[in-house]
Each structure stands twice: as C-alpha cells, then as structure tokens.
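First comes the structure, then the notes that go with it.
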Amino acid sequence: MKFATKAIHAGVEPDPTTGAIMTPIYQTSTYVQAAPGDHKGYEYSRTHNPTRTALQNALAALENGKHGLCFSSGMASIDAIIKLLKPGDEVVSTNDLYGGTYRLFTKIFEGFGVKFHFTDMNELKNVEAAMNANTKLIWAETPTNPMLRIIDIAGLAAIAKKHSCLLGVDNTFATPYLQNPIDLGADIVMHSVTKYLGGHSDLVMGALVVNDDALAERLAFIQNSTGATPGPQDCFLVLRGLKTLHLRMQRHCENGKVVAEFLAQHPKVDKVYWPGFATHPNHDVAKRQMRGFGGMMSFTLKGDDMADATRVLSSTKLFALAESLGGVESLLGHPASMTHASIPREERLKSGLADTLIRLSVGVEDAEDLVEDLREALG
Ligand SMILES: Cc1ncc(COP(=O)(O)O)c(C=O)c1O
C-alpha cells in the first residue's frame, strides 16, 4: 500500500464483534476468562488493549516496521529505550536535542550509571570519535529541535552497525510522511505522538516502532513492567488523527515553505532555520532522506535583542504562544525559556540556540493569513 492508503487503512479492521468500521474505544481494564488462561488474547489493559493494538499496528505499518508500541507520552517511550541499557553502558546522542530528552538522560539515567555523550552529529566523524566498546545506543533527532539540523540517518546506521550498537531516531518532526528511519537502517523509531501523529493538540502519547522480533519483545516487556501505557480513548483519537496525516502534512509543508520564504526576506529577521532552503547546511541530506521539508522552522531577529523577540512572541494573533507543535493550528514558542529551558545556557549556545530564537510550528490555516499575522507582529 502507498502512504495515503496506509494512513487510512493500515492496522485497522472492522470490529470483529459488531462490524463497526471504526475501532471502538475498549474502555475496560480487564477481560473475562472462561477458565484460568482461557481468554481471547486479552487479560489486562496495561499489557494489551484492542484499541491500542489497532493503533500500534497502524503506526508500525506507517513506519515500515513490524512492531509498534505505544506509551503514555513521548518521554515514556524514550525512557523505555534507555531501560534496555545497564550501568556502564554509553549512549552517543546529538547535542541539539529536545530539552526533555536531555533532562531525562542527564538528570535521571546518568544517576543510574548510564553515560551520555552529546555531540554535533552534522559531522559523522564526531559520532565515530565518541564511540567505544561500551556504546550500546546512538540516539538522534532529525530534523533537530529547535535548530532544524538534518542528520544523515544512513550514515549513523553504518556507524551503529560497525560497532554492533542500536540506532534510535526521534522522528517526531518529520513523521513517517516525510521520512522512514527504519528504511535508512535505524533499529528503533520513536515519536512524540502528541505532535503531528495525533495532530489536533488534544492528547499526549509516545510510540516506538521496530522490526526486530527480539527487540520488540524486550521493549514490550518494559512497556508492560513499567506500565506507562496510554488509555483507549487517546488511542482512538490518534487512530482518527492518522487518517488525515498525509493531508495535514502536505499542507504543513506547503505553508512552511511560504512562511519560511516570507521570513527570509523580512528586513527585521536575521537567520531562518528551515531545511528546504538550498542554503541550509544540510539541504542535500534533507533532499536525500526526506520527501519534503515540513512546517517546523526557527528564526532570530537582527540585533538579537530579547525585548524585540518578546514583542513578536506576545503580539501574534493566529500563532499562539504555547509549548508543543504539530497540531492543525499554528504555534510559536521561545525554546530558551520554554521547551529547552532544562538545557544549561552554555550548552544551548554551543548548538546555536540563541536567547532570542523563535520557533514556529506552521499549521494548516491559509498561508496568506499566517504571513499577515507574522508581518504585523514583526512590525
Ligand atoms: C522532538 C521531541 N521528542 C520528544 C518529545 C517528548 O514528547 P512528549 O511531550 O509527548 O512526552 C518532544 C516534545 O516536545 C519533542 O518535541
């Protein structure tokens, strides 16, 4: 099946008991057994739930993987990956990373003896240099949040293979519409489903997709043992959201291009970070591994004055100032004080995340209205 057909049909069968074409919300914690162990494949909803199963299968199909696993948040899904490791193991991670992931790595798992190296993955030789016999995982985000750098997934996969370690990719920004890390050699694809996959800013969820049966079994064991699983109502909402993923993403990409080009020619705007520009340092990699450039971008203002940035951040009318991204409505944010506040300032600056950087999640409204909103806010 091609992508749009998969978005609508993959993993979803009419309900076997009633024929309901939409997967019902199985709002139940437990399932009756005729005799001990004699059940229909479902015993307890932390372990399995039919609404969640349908969603997990749909996500696996969209990412060209065999197994999907859903979690109660994107962070819970990354947490499950790190629980594959043990004290003394090391992780090589990108230095331009969602702040919550950085916090989980440094404030939780370093305390349990896992060592993290944060490196600029634009240069694969930096990754190679950080590898050693203890490295068990390479962790990348691409496009990165919020600098929109593009990391060569196939290049990372070759390094991971050489060192017999896992490669995990946070595919939240790209979605399977734009990029499939498993096809490029990744072992684990992760999503903050909260964002584009849900698509309507009405739930929090995470997901992993893998191909390897043994790895899927280990992750399912962690999922069930630690219990950070989503409820059926949220799974239903994501199943509904997925049916328009391709339509939404197409419009996010179209609007993203219009807004990025508007910002690039605006006299008050200094730098615009969007991988669709031929001048973007990783444009070639983006063209090779992505099918479009998305609706996420960041920009800075000339003069780098926080008062100017605050004025823009508080005067848009359509772009709402809020955490998160990937919904149908446009959002803007200030990474230094919001999504990336947990990263120390010196670390942020090293990856180019300036104090005045503004991040946009361009929604699916009319592009002309979005441009007008920004034009007025920029003054
Ligand atoms: C790239 C990226 N990864 C992971 C997460 C964490 O996901 P969640 O908020 O669903 O826990 C986010 C959230 O903003 C994100 O942007």
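On full extension of the chain, what length is gained from LYS243 through ILE21, given 0.36 nm per residue of separation minus the C-alpha to C-alpha distance?
Additional length available on full extension: 78.6 nm.
I need the calculated FRET efficiency for the pair ASP284 and GLU128, taking r as the beta carbon distance and R₀ as 22 Å, to the nearest 0.05.
The formula returns an efficiency of 0.65 here.
In nm, give the distance between the simple-model label positions of SER29 and GLN233, each being 7 Å from the Cα along the Cα-to-Cβ direction.
The modelled label-to-label distance comes out at 1.5 nm.
Per residue, how much space in cubic angstrom lies within the convex hull of the C-alpha atoms of the range 17-137?
Enclosed volume per residue, from the Cα hull, is 174 Å³.
Quick one: grab the alpha carbon gyration tensor of the range 1-56, order the square roots of its eigenvalues as a ≥ b ≥ c, and give me rounded if a/c is under 1.5, else prolate or oblate depending on whether a/b is larger than b/c.
prolate
Separation between the THR310 and ILE8 pseudo-spin-labels, each 7 Å from Cα along Cα→Cβ, expressed in nm?
Here the answer is 5.0 nm between the modelled labels.
Residue separation times 0.36 nm, minus the C-alpha to C-alpha distance between MET1 and GLU323: what's the value?
Value of the extension gain: 112.4 nm.
Under 19 Å from the 7 Å Cα→Cβ point of VAL258, by amide nitrogen: which residues of the range 324-338?
Under 19 Å, as judged by backbone N against the label point of VAL258, lie 326-332 of the range 324-338.
Can you tell me the alpha carbon radius of gyration of the range 253-307 divided by the globular rule-of-thumb value 2.2 N^0.38 Å?
Ratio of Rg to 2.2 N^0.38 Å for the range 253-307: 1.19.
Could you size up the charge dipole of the chain around its Cα centre, putting +1 on the beta carbon of Lys and Arg and -1 on that of Asp and Glu, and report it in debye to the nearest 20?
Dipole size: approximately 460 debye.
Give the separation of the Cα centroids, the range 290-345 to the range 348-379, in Å.
Spelled out, the Cα-based centre of one part sits 5 Å from the other.
Could you give the length gained by full extension between ARG375 and LYS350, i.e. 0.36 nm per residue of separation minus their alpha carbon distance, to one decimal place?
Extending this stretch completely gives an extra 6.0 nm.
Please list the three semi-axes, largest first and in whole Å, of the ellipsoid equivalent to the range 103-253, using sqrt of 5 times the eigenvalues of its alpha carbon gyration tensor.
Output for the range 103-253: semi-axes of 27, 20, 15 Å.
Per DSSP helix of 4 or more residues, -39500 (n - 2.57); summed, then divided by the residues of the chain. What does that give at 222 nm, rounded to the nearest 500?
The helix-only estimate for the chain comes to -10500 deg cm²/dmol at 222 nm.
May I ask you to list the lysines whose Cα is less than 24 Å away from that of LYS6, ignoring any residue fewer than eight positions away on the same chain?
LYS66, LYS195, LYS243, LYS287
Quote the Stokes-Einstein diffusion coefficient, in whole µm² s⁻¹, for the chain, based on the Kirkwood radius over alpha carbon pairs, a temperature of 25 °C and a viscosity of 0.890 mPa s.
Calculated translational D: 115 µm²/s.
Over what distance in Å are the Cα centres of the range 175-223 and the range 106-150 separated?
With the range 175-223 and the range 106-150 each reduced to a Cα centre, they are spaced 19 Å.
State log₁₀ I(q)/I(0) for the range 184-240 at q = 0.16, 0.17, 0.25, 0.27 Å⁻¹ as given by the Debye formula over alpha-carbon point scatterers of equal weight, solvent excluded.
Values, matching the q order: -0.57, -0.64, -1.06, -1.10.
Using the Cα atoms as the points, what is the convex hull volume per residue of the range 228-379 in Å³?
Spread over its residues, the Cα hull of the range 228-379 gives 142 Å³ apiece.
What accessible area, in Å² to the nearest ten, does a 1.4 Å probe give for SER342?
About 40 Å², ignoring ligands and nucleic acids.
Calculate, for THR47 and ALA214, the FRET efficiency according to 1/(1 + (r/R0)^6) with r their C-beta to C-beta distance and R0 25 Å; round to the nearest 0.05.
That pair, THR47 with ALA214, gives E of 0.85.
I'd like the orientation of helix 213-226 relative to the chain: the angle between its Cα long axis and the longest Cα principal axis, in ° from 0 to 90, rounded to 10.
90
The values are calculated or read from the model by the stated rules, or taken from the named source; none is laboratory data. Model, not experiment: these values are computed from the prediction. As a convention, Cβ positions derive from the backbone with ideal geometry for all residues, glycine included, and neighbour counts pool all protein chains shown. Accessible surface is based on the protein model in full, side chains and every heavy atom, while ligands, DNA and RNA are left aside. Shrake-Rupley method; radii C 1.70, N 1.55, O 1.52, S 1.80 Å.
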